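Single-structure report; data block below.
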Amino acid sequence: MATFPDGFLWGAATAAHQVEGNNFNSDLWVLEHVQPTLFAEPSLDACDHYHRFPEDIKLLADLGLNTYRFSIEWARIEPERGHFSVNALEHYRRMLGACHENGVIPMVTLYHFSSPRWFAAMGGWEKPAALDCFVRYCDRVARHLGDLLAFATTFNEPNLPMLLRWLPISEIPIVTVKRMAKLAARAVGADRFGCFFLGDAAKLRDRMTAAHQRGVEVLKSGPGNYPVGVSVSLQDEQAVGPDSKRDRKCAEVYDPWLEAAQHGDFLGVQTYTRCRVGKKSDLGPEPGIELTQMGYEFWPEALETCLRYASARVSVPIYITENGVASEDDTRRVEYIRRALDGVLNCLSDGIDVKGYIHWSLLDNFEWILGYRPKFGLVAVNRDTQERSIKPSARYLGEIARQNQILDPAAIG
Ligand code: BGC
């Protein structure tokens with residue numbers, strides 16, 4: 001059986017707002033609590049990972065995984081503009097320390113969708129000042145945490161707002177979005193609420209590509225010596241019909257960020273599904289195809305297509321920083337992992353420089369506007385007791401990691 005290269009990273013990922021709990025100084029917390037809101041439920045205690053990280057990181061290591069990708073929360077580190085919390089930074093030092101103690105490589109994302117309230121109140125990414133704010137935050141993080149970092153990424157899926165523009169117009173609850181944004185602005189005493197998900201996608205792209213470039217420089221200037229990259233959402237885009245706008249979509253959503261990734265040390269690829277693009281927008285799933293809890297097509301082969309797409313456009317190494325499936329049926333996750341990894345092996349045998357596979361997600365967690373219903377975790381979390389239960393898919397991926405090769409799921413107990 002073909003094996004993965006020596007030193008291949010095997011991991012699982014989380015994001016601060018989705019797992020830590022009580023991230024009440026963030027813009028998303030505000031949106032979760034206005035009425036009406038798009039959020040099915042508020043994040044509240046999430047997985048209490050803020051306190052339970054020592055056990056969670058140990059669990060990840062015990063499974064056999066060697067990498068933990070997590071994000072640090074800007075709203076905690078800089079609770080008011082220009083004022084930094086040494087306490088919060090020390091918290092993340094302890095998390096990084098726990099990784100090292102367990103022999104786990106930490107890959108840290110500085111920005112995973114959520115911003116501090118004050119950042120939203122000042123207008124968010126659309127404002128020119130956003131750039132200096134982000135760079136100052138990166139600088140502070142690099143100086144305080146740099147010696148413990150192994151990998152850093154500036155942004156998680158900064159191309160998401162552009163991707164969302166391709167949803168069929170009928171799927172966007174425009175009236176609720178507008179009301180929610182207005183109420184959130186009022187709640188923070190501002191005229192506009194500058195949230196990542198609500199901004200002008202083109203302005204965000206321009207500001208954030210510039211912020212990435214400067215962020216990389218600053219993150220590399222502190223103590224420590226670690227690669228810095230960006231994680232980009234990349235889906236398998238398929239053209240439907242002779243007038244499909246598929247190529248235009250790729251040029252708009254993906255290519256600018258693949259170009260931006262060249263200003264760093266690596267590209268993170270994050271793939272979940274296939275999208276069918278018609279002459280105006282996405283068409284939605286093909287009738288008859290199995291759907292995940294997200295309403296996406298169950299399409300693990302998307303990963304191979306996306307790795308090939310990315311590798312044709314970037315010269316930096318590629319890490320799969322997210323890939324996974326929302327399902328209550330864990331046997332579907334096992335199947336998804338196996339088929340996705342087959343695709344990774346195909347890419348490797350064609351010489352594509354893929355250096356790691358990090359699964360989304362370590363824990364069942366807060367899936368943004370959909371709340372806690374979709375289950376992406378390798379590990380289940382009891383919402384009343386916070387008890388963790390290891391799913392068979394976690395043992396499957398852990399065993400693959402230990403043996404550095406794809407295994408027959410039936411052979412794992
Ligand atoms: C995001 C995660 C999210 C996952 C599943 C990615 O877009 O980075 O935060 O939970 O997809 O939807």
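The values are calculated or read from the model by the stated rules, or taken from the named source; none is laboratory data. Being a predicted model, the structure only gives us computed values, none of them experimental. Glycine gets a Cβ as well: all are built from the backbone with ideal geometry, and neighbour counts include every protein chain shown. Accessible surface areas use protein heavy atoms only, side chains included; no ligands, DNA or RNA. Shrake-Rupley method; radii C 1.70, N 1.55, O 1.52, S 1.80 Å.
Just a few scattered comments:
- Residue within the stretch 393-403 that is closer than 16 Å to E335 by Cα, within 16 Å of the ligand (Cβ to nearest atom) and open to solvent by 20 Å² or more (accessible area, probe 1.4 Å) present: no
- Residue in the stretch 154-175 that is nearest to the ligand (Cβ to nearest atom), counting only those that are in a helix (DSSP H, G or I) and within 28 Å of E73 (Cβ to Cβ): L160
Each row is one residue, and each column tells you yes or no for (1) assigned to a helix (DSSP H, G or I); (2) under 30 Å from K279 (Cα atoms); (3) open to solvent by 10 Å² or more (accessible area, probe 1.4 Å).
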| position | (1), (2), (3) |
| --- | --- |
| C133 | yes, no, no |
| Y137 | yes, no, no |
| R140 | yes, no, yes |
| R143 | yes, no, yes |
| D147 | yes, no, yes |
| A152 | no, no, no |
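- Residue satisfying all of: in the stretch 225-252; small (G, A, S) and more than 24 Å from the chain's Cα centre (by Cα); farthest from the ligand (Cβ to nearest atom) among these: G241
- Subset of the stretch 173-211 [modelled with pLDDT of 95 or more, in contact with a Leu (Cβ under 7 Å, 6 or more places away or on another chain) and farther than 16 Å from W257 by Cβ]: M180, A181, A184, C195
- Residue pairs whose Cβ atoms lie under 6 Å apart, separated by 6 or more positions or on different chains, with the first residue in the stretch 332-343 and of a type in the set (S, T, Y) and the second open to solvent by less than 10 Å² (accessible area, probe 1.4 Å), are Y336/P300; Y336/V325.
- The stretch 344-383 - residue that is surrounded by fewer than 22 Cβ atoms within 10 Å (Cβ to Cβ), of a type in the set (G, A, S) and in contact (Cβ under 8 Å) with a residue 40 or more places away in the chain and, of those, farthest from the ligand (Cβ to nearest atom): S349
- Selection from the stretch 43-98 of residues that are open to solvent by 40 Å² or more (accessible area, probe 1.4 Å) and part of a loop (DSSP other than H, G, I, E, B): L44, D45, N66, P79, R81, F84
- In a residue-by-residue description of the stretch 99-106, the property of being free of Cβ contacts under 8 Å to residues at least 24 places away in the same chain and assigned to a loop (DSSP other than H, G, I, E, B) applies to no position.
- Residues (among the β-branched types (V, I, T), more than 16 Å from the ligand (Cβ to nearest atom) and open to solvent by less than 30 Å² (accessible area, probe 1.4 Å)) located in the stretch 316-343: V316, I318, V334
- Considering L198, L258, the condition of being under 22 Å from the mean Cα position of the chain (by Cα) and either open to solvent by less than 10 Å² (accessible area, probe 1.4 Å) or within 16 Å of the ligand (Cβ to nearest atom) (or both) is satisfied by L258 alone.
- The requirement of being open to solvent by 40 Å² or more (accessible area, probe 1.4 Å), under 22 Å from S231 (Cβ atoms) and within 13 Å of the ligand (Cβ to nearest atom) is not satisfied by Y309.
Table: residues versus (1) in contact with a Cys (Cβ under 6 Å, 6 or more places away or on another chain); (2) of a type outside the set (V, I, T); (3) touching a residue at least 60 places away in the same chain (Cβ under 8 Å).
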| residue | (1), (2), (3) |
| --- | --- |
| F113 | no, yes, yes |
| R136 | no, yes, no |
| L148 | no, yes, yes |
| I169 | no, no, yes |
